[in-house]
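Just below is one structure, and these are the notes that go with it.
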Number of protein chains: 6
Amino acid sequence: MPVVHVNLWKGQTEENIRIIIKNITKVFVDLGIPTSAVEVIIHEIPRTHWGIGGEQSSEKIKE
Amino acid sequence: MPVVHVNLWKGQTEENIRIIIKNITKVFVDLGIPTSAVEVIIHEIPRTHWGIGGEQSSEKIKE
Amino acid sequence: MPVVHVNLWKGQTEENIRIIIKNITKVFVDLGIPTSAVEVIIHEIPRTHWGIGGEQSSEKIKE
Amino acid sequence: MPVVHVNLWKGQTEENIRIIIKNITKVFVDLGIPTSAVEVIIHEIPRTHWGIGGEQSSEKIKE
Amino acid sequence: MPVVHVNLWKGQTEENIRIIIKNITKVFVDLGIPTSAVEVIIHEIPRTHWGIGGEQSSEKIKE
Amino acid sequence: MPVVHVNLWKGQTEENIRIIIKNITKVFVDLGIPTSAVEVIIHEIPRTHWGIGGEQSSEKIKE
């Protein structure tokens, strides 16, 4: 506890993945939760598979 | 708001992905929610990783 | 983008919920993502419904 | 297949829940998927527990 | 690792919740994963909020 | 009903995937739920994308 699922567009750098895990964990550690208890699971989603406003995000970028 | 996660078997056509995003968004727009507020995230799952009735879906298809 | 689902034990203070939302959002803003694009959804789960090591967390606390 | 998880603000009418289930199912039926195969699971989230732009949605409404 | 999310109809007995956590954990322990590493999170969903075949499960039961 | 999402590290054998689906389904069948009603969806997550204790699991293994 806690378990955090992060959904992001595909194509993140390894460095960003590392930072997201480290900093989200810190959010909970700052509230008194033990570091070892925090799990962060990152799901990378292709922009074609992420719709915003009824359109694929991959299309929005082309515009 | 809302955030919709769709889990589907892997191997959808680009066209189907586009239609799913467009039409699920419309479900909420028809209820008065602004188009721009709707997010649809599609997770494609290999049939080997989707169990129905205790069996991999990939096995069911072979039968 | 991104959409973050946080699963936590039930019984968080309003203040902690506020801080979690604010600080997880900041993790992404620090990576250059616009503040308005970040959604954080918090699911509070009763300890009876959260198993760790095969036991309900509610039992672990009694021990 | 498919399994759809819908996350929405708490306080939906029974009628809206009914319509969301019916119409999301139709999106897949229109693509040739059998009606009986579609599962739609709706998670209602209190506005205090849904952050957009770093703030609780409940606060945004007060503004 | 692993993290398991179970979605079930609301109204489970405490005993069933206990058994589900214990037995799902055992599935992974039997594969060589340490007991302490397994997390099982149970989400109870009202039957009104769970659609199968385009209808609320609560309606199916009435039939 | 039920719908079970399993999150696991990437790199499972086909045989383990098969066993996980079969045995998690059995947990519910033993409680009186019909076999055909159980869906198990397995999400394999790269170790770089799974944080425990603020670090990528891929780093923990190197240590």
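The values are calculated or read from the model by the stated rules, or taken from the named source; none is laboratory data. Predicted model only: the values in this text are computed from it and were never measured. Don't worry about glycine lacking a Cβ; one is built from the backbone with ideal geometry, like all the others, and counts go over all protein chains shown.
I need the full set of residues from segment F:7-59 which are part of a helix (DSSP H, G or I), under 25 Å from A:PRO34 (Cβ atoms) and touching a residue at least 12 places away in the same chain (Cβ under 8 Å), in order please. Matches in segment F:7-59: F:ARG47, F:SER57, F:SER58. When F:LYS60 is tested against (1) out of contact with any strand residue (DSSP E or B) (no Cβ under 6 Å at 6 or more places or on another chain); (2) modelled with pLDDT of 95 or more; (3) within 13 Å of chain A (Cβ to nearest Cβ), just one condition goes unmet, and that condition is (2).
Go through segment D:1-35 and count every residue that is among the small types (Gly, Ala, Ser) and more than 21 Å from E:PRO46 (Cβ to Cβ). Steps first, answer last, please.
Residues of segment D:1-35 among the small types (Gly, Ala, Ser): D:11, D:32.
Then drop every residue that is not more than 21 Å from E:PRO46 (Cβ to Cβ), which leaves D:32.
Number of matching residues: 1.
The set of residues in segment A:8-56 being crowded, with 20+ Cβ neighbours inside 10 Å and either more than 18 Å from the chain's Cα centre (by Cα) or within 14 Å of chain B (Cβ to nearest Cβ) (or both) consists of A:LEU8, A:ILE41, A:ILE42, A:ILE45, A:HIS49, A:TRP50, A:GLY51, A:ILE52, A:GLN56.
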